[in-house]
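S.K.: Could you have a look at this structure, given as structure tokens, before my questions?
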Amino acid sequence: KKDIPAVNFIIHEIHCRRNIEICPYCSDSVPKSEMKNHIESEHVQVTCKCRMKMENSLLKDHEASSCPLRPVLCQFCDIQLAFNKLQEHELYCGARTEPCARCGRHVLLRELQQHPRLCG
């Protein structure tokens with residue numbers, strides 16, 4: 001999968017056929033001596049804490065960006081909770097009030113950022 005000078009091509013091709021395999025799962029070039037380890041570490045099926053099954057190589061990305069149980073912070077109170085609980089929590093948490101430092105009125109937390117433009 002790389003450009004090889006024409007004068008070295010035959011020797012290179014012999015070396016590759018003898019030492020390199022193409023992974024049947026991801027099509028990466030892997031040394032034959034490491035193929036078993038590659039398949040066991042990258043392509044073995046694992047189960048996430050959300051019970052979704054996937055290849056081990058995909059688990060980190062799943063846990064970081066799409067797992068419904070990934071930890072996230074509430075924008076109002078900075079408490080850490082599971083992503084699938086965030087919306088319900090923020091509806092409740094954003095409905096709490098705090099007094100405005102400028103006008104003294106009690107303002108919903110979810111409206112506190114925009115409030116200074118309105119309170120004069």
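S.K.: Mind checking which residues of segment 35-93 are open to solvent by 80 Å² or more (accessible area, probe 1.4 Å), in a loop (DSSP other than H, G, I, E, B) and assigned by the TED database to the domain that holds Tyr25?
M.R.: Once the filter is applied, which keeps residues that are open to solvent by 80 Å² or more (accessible area, probe 1.4 Å), in a loop (DSSP other than H, G, I, E, B) and assigned by the TED database to the domain that holds Tyr25, segment 35-93 yields Lys49, Arg51, Met52.
S.K.: Of all residues in segment 12-32, how many are open to solvent by 70 Å² or more (accessible area, probe 1.4 Å) and assigned to a loop (DSSP other than H, G, I, E, B)?
M.R.: 3
S.K.: So which residues in segment 104-120 are open to solvent by less than 60 Å² (accessible area, probe 1.4 Å) and either touching a Pro at 6+ places or on another chain (Cβ under 6 Å) or not β-branched (Val, Ile, Thr) (or both)?
M.R.: Gly104, Leu108, Leu109, Leu112, His115, Pro116, Cys119
S.K.: Follow-up. Note down all Cβ pairs under 9 Å where the first residue falls in segment 44-58 and is of a type in the set (Lys, Arg), the second is open to solvent by less than 100 Å² (accessible area, probe 1.4 Å), and they're at least six residues apart or on different chains.
M.R.: Partner pairs satisfying both residue conditions: Lys49/Glu63; Lys49/Cys67; Lys49/Leu69; Lys53/Val46; Lys53/Thr47.
The values are calculated or read from the model by the stated rules, or taken from the named source; none is laboratory data. The shown structure was predicted, so the numbers you read here are calculated from the model rather than taken from an experiment. Cβ atoms come from the backbone with ideal geometry, glycine included; neighbour counts cover every protein chain shown. Side chains included, ligands, DNA and RNA excluded: accessible areas come from the protein's heavy atoms. Shrake-Rupley method; radii C 1.70, N 1.55, O 1.52, S 1.80 Å.
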